[in-house]
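In what follows, a structure is listed as structure tokens, so that the remarks can point back to it.
The values are calculated or read from the model by the stated rules, or taken from the named source; none is laboratory data. As the structure is a computational prediction, the values presented were derived from the model and not from experiment. In this analysis, Cβ positions are derived from the backbone assuming ideal geometry, glycine residues included, and neighbour counts consider all displayed protein chains. Keep in mind that these areas ignore ligands, DNA and RNA; they rest on the heavy atoms of the full protein, side chains included. Shrake-Rupley method; radii C 1.70, N 1.55, O 1.52, S 1.80 Å.
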Amino acid sequence: MTQKMESSGGIVHGNDKVIEVVNELVEFYGTASDKVVQILTGIQNRLNYLPDEALIEVARLTDITPGQISEISTFYPQFRHKPTGRHIIQFCAGTTCFLKGSREIKEAFRDYLKIEESKSCSPDNLFSIEDVECLGVCAIAPAVRIGNEIYGNLSTADVGRVVEGFLESIEKKPRPVNKSALDNITGEIRVGIGSCCVAKGSKEVLTEIVAYKESKNIPVLVKPVGCTGACGYTPIMDIVSNEGDRKRYVAVTPQDVESIMEENFGDKKNMVNTVDDARGIISKKLDDYLAKQTRITTDTGGILSPVSLNEYISKGGLEPFKRLVNEKNRSLIIDRLTLSGLKEKSSSKLVGEEIWSLKTDENGSHAIICYSEENDTGSFKDRMMLETFPFKIIEGMLIMGLAADIGRAIFHISDMYPLAKRRIKNAISQYIKAGYLGYNILDSGFSFEIIVIEGPGDFMCGERESEFAGMRVLMLSPETFCGVPSVFENGNSDGNNARKTPNTLIVGLTGRVDTPGVVEVAEGTSIGVIIDRFGGGTESKENIKAVHIGGLAGCFIPKELFDMPLDYDIFRNNSLFLGPGNIEMINEADSIVDLTLHFADFARRQSCGKCAICRAGTKRMYDIITKIREKNCAKEELAELELLCVHLKKGSLCGLGKNAPNAVVSALKYFKKEFEDGLLA
Ligand code: SF4
Ligand code: FES
Ligand code: FES
């Protein structure tokens with residue numbers, strides 16, 4: 001019989017329940033040893049932690065040895081070995097949340113829930129707290145996640161409202177939606193439903209719109225759409241007529257809906273447009289914000305539904321793939337990709353050349369991997385891309401599979417991005433049903449399957465890379481796959497029709513910026529232009545001091561260098577790291593030493609320990625910067641820190657160790673004075 005026992009240290013599950021869960025998961029995933037991450041993730045998702053009895057049962061039922069289980073379950077910090085409360089509050093430890101006060105927010109939650117300093121669970125076992133890397137919603141930092149709900153733009157005063165609101169929300173039953181067909185649809189109302197749109201209330205706005213529409217029987221389609229990336233303006237409500245006329249409302253609240261609907265569809269619809277007048281300026285600002293971008297990869301954000309393959313196809317989606325699979329000319333596809341200049345954003349290598357190098361290697365098995373699991377701070381654009389463009393990303397994978405003659409693809413998606421995971425899984429099943437995935441697609445002889453691996457969300461370092469040992473993989477980011485179909489739009493078969501438009505970069509703009517978001521710009525646009533055009537200055541109107549670019553492996557760039565173009569070659573030539581191209585803005589009041597310590601802490605925690613220099617070096621780096629922060633550092637130790645960076649770069653095996661010193665090196669280059677202020681007199 002299944003039973004649940006409550007204890008002061010979280011909820012402990014009875015043995016029957018544990019055995020039942022493990023059996024179900026083993027039946028689903030199979031017994032092979034390479035399924036260890038999926039099975040452990042499944043156990044944790046169901047039981048909130050990994051009970052010892054569960055691990056013993058996994059070892060008993062599968063080919064996974066106790067040694068492997070122990071190695072994997074202790075390597076990833078996301079795996080829990082202790083019981084938790086019923087609901088887990090996850091505090092983002094990413095850079096933007098750190099900058100905006102996540103530590104104070106966490107303390108306020110502790111106080112509110114009466115969680116003692118040495119404990120992580122509330123006395124009533126209702127809530128546990130834990131730290132995680134970036135939640136992928138940096139634009140609304142500081143943020144926390146409880147269950148599947150994200151709460152953003154928090155201050156310590158919000159804590160009670162968030163906890164009570166969450167408890168209320170899990171009681172609520174969703175309002176039934178009347179799906180009765182309507183004749184004579186006059187247009188559609190679009191509302192973005194990305195994670196940060198939802199966190200800012202877009203679901204509540206949608207509920208109000210549907211209720212109003214149904215009560216008045218208004219012949220309009222209410223359509224949840226993917227996000228525009230304009231996080232600073234959400235929730236956005238676009239009313240679009242069949243003729244294409246559009247009225248746009250930004251920062252809409254549920255209370256605004258009635259007046260907006262009245263003025264567009266009610267008896268008073270010819271009266272003065274009061275709501276639009278009140279919001280006119282900001283709505284115009286959003287139009288400019290979108291118009292000034294070079295939106296090629298993200299062109300359908302805020303327009304198409306992220307859950308309808310039919311709509312994607314009706315707007316021209318899959319035309320490139322259908323044409324290419326019919327042409328059956330792989331060399332031509334690769335040549336067109338090379339000619340287009342499309343690059344993998346994290347490495348800046350030409351995608352076409354990557355495929356050629358892959359094809360010449362005949363050893364080992366091949367797979368295409370869409371990797372978005374690193375929870376790298378500021379990488380919220382990956383999350384946004386997966387949530388908004390699932391169909392386009394999959395079409396990009398199909399074309400790459402065709403070009404590289406590979407029939408298998410894997411999505412690695414972080415557990416931190418549950419909505420992205422749902423959207424991708426939903427898109428895959430629609431593709432399969434429609435016959436665009438699976439065996440012998442469109443009778444072409446080309447077969448392609450995609451699986452989703454749910455990961456604990458971590459940096460791809462030495463230990464993790466070994467999962468792909470013996471496999472020749474083509475690993476690209478969601479952004480790159482999403483850019484592939486555009487290369488072949490409006491094409492014909494002459495081989496000369498690669499996209500002639502500029503190569504673009506998708507940038508997540510966060511930190512102390514006034515209007516955070518995800519923008520697509522031509523490669524080579526300068527940092528200063530991006531900040532001026534899209535950032536709108538700093539939220540506090542303080543002076544900008546610097547930006548941090550490239551996520552956790554990235555570097556600081558002082559404002560004197562803001563003319564520098566975002567271009568991989570230029571960055572490399574200046575010994576700087578552009579990485580995924582995210583920009584976090586830093587104010588005069590922010591301490592570069594504090595931020596550098598934050599990055600050193602990440603490297604120290606993520607080091608897999610395989611190489612001694614990375615294992616010991618990242619820890620020493622952290623210790624020295626801590627001393628600087630406490631104004632307790634000897635001059636020789638500062639010199640040691642500089643030398644340590646050189647050794648880490650040279651001696652580390654993988655990207656994590658090699659890039660761990662990037663923040664320190666750039667901080668010492670441009671802001672050494674702040675470090676010298678921490679030396680002993
Ligand atoms: S450099 Fe660090 S993270 Fe990479 S393999 Fe070595 S110890 Fe592991
Ligand atoms: S959500 Fe907190 S830093 Fe990304
Ligand atoms: S508004 Fe959708 S990602 Fe920010």
Selection from region 30-53 of residues out of contact with any strand residue (DSSP E or B) (no Cβ under 9 Å at 6 or more places or on another chain), part of a helix (DSSP H, G or I) and open to solvent by less than 60 Å² (accessible area, probe 1.4 Å) yields Ser33, Lys35, Val36, Ile39, Leu40, Ile43, Gln44
Within region 255-282, restricting to residues that are at pLDDT 85 or above and surrounded by fewer than 17 Cβ atoms within 10 Å (Cβ to Cβ), the one that is nearest to the chain's Cα centre (by Cα) is Gln255
Scanning region 117-142 residue by residue, those within 16 Å of ligand 3 (Cβ to nearest atom) and under 14 Å from the mean Cα position of the chain (by Cα) turn out to be Cys134, Leu135, Gly136, Val137, Cys138, Ala139, Ile140, Ala141
In this structure, is Lys216 touching a residue at least 24 places away in the same chain (Cβ under 8 Å) and within 15 Å of ligand 3 (Cβ to nearest atom)? no
task = Consider Met384 carefully, then state whether it is part of a helix (DSSP H, G or I), within 16 Å of ligand 3 (Cβ to nearest atom), out of contact with any Pro (no Cβ under 6 Å at 6 or more places or on another chain) and at pLDDT 90 or above.
result = yes
Taking region 11-29 and keeping residues part of a helix (DSSP H, G or I) and touching a Pro at 6+ places or on another chain (Cβ under 9 Å) leaves Asn15, Val18
Query raised in the report: Of the residues that make up region 562-579, is at least one among the charged types (D, E, K, R), free of Cβ contacts under 8 Å to residues at least 60 places away in the same chain and in contact with a strand residue (DSSP E or B) (Cβ under 8 Å, 6 or more places away or on another chain)?
Result: yes
Filter pass, Ser120 being away from ligand 1 (no atom under 16 Å from the Cβ), within 26 Å of Asp52 (Cα to Cα), surrounded by 20 or more Cβ atoms within 10 Å (Cβ to Cβ) and of a type in the set (Gly, Ala, Ser): yes
Listed by first then second residue, the pairs whose first member lies in region 384-407 and is free of Cβ contacts under 8 Å to residues at least 12 places away in the same chain, whose partner is among the charged types (D, E, K, R), with beta carbons under 7 Å and at least 6 positions apart or on separate chains, are none
Scanning region 125-150 residue by residue, the ones that are under 21 Å from Glu204 (Cα atoms) and more than 11 Å from ligand 2 (Cβ to nearest atom) total 4
> among the polar types (S, T, N, Q), away from ligand 2 (no atom under 16 Å from the Cβ) and touching a Gly at 6+ places or on another chain (Cβ under 6 Å) - does that describe any residue in region 223-231?
Replying inline: yes
Flagged in region 54-92 as charged (D, E, K, R), surrounded by 16 or more Cβ atoms within 10 Å (Cβ to Cβ) and in a helix (DSSP H, G or I), in numbering order, are Glu57
